[in-house]
Amino acid sequence: MRDVNTLLIIVAVIAVILLIVGGVGSALHFLLWIGGILLVLAIILFLVRALTGRRTL
């Protein structure tokens, strides 16, 4: 009976670890998309400023 409880605890710990890793992975994926969008916007603003010769936008 003690072996079953130990096995149940191990399975529960593994499930929690996988849940945390999955959440971090999806959050990272979301942040990568946001970072990419911000990078594209920064490049566009830089090009507009460089091509128009304006120092401020």
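Laboratory data are not the source of any read-out in this text; all were calculated from the coordinates shown. As the structure is a prediction and not an experimental result, all values here were calculated from the model. Counting neighbours? That spans all protein chains shown, and the Cβs are built from the backbone with ideal geometry, glycine included.
Quick notes on this structure:
- For the chain, the normalised intensity computed at q = 0.15, 0.17, 0.25 Å⁻¹ comes to -0.65, -0.71, -0.92 (log10 of I(q)/I(0), Debye sum over alpha carbons, equal scatterers, no solvent).
- Sorted fewest first by neighbouring Cβ atoms within 10 angstrom, Leu51, Leu45 come out as Leu51, Leu45.
- Helix 2-52 and the longest principal axis of the Cα set of the chain meet at an angle near 0°.
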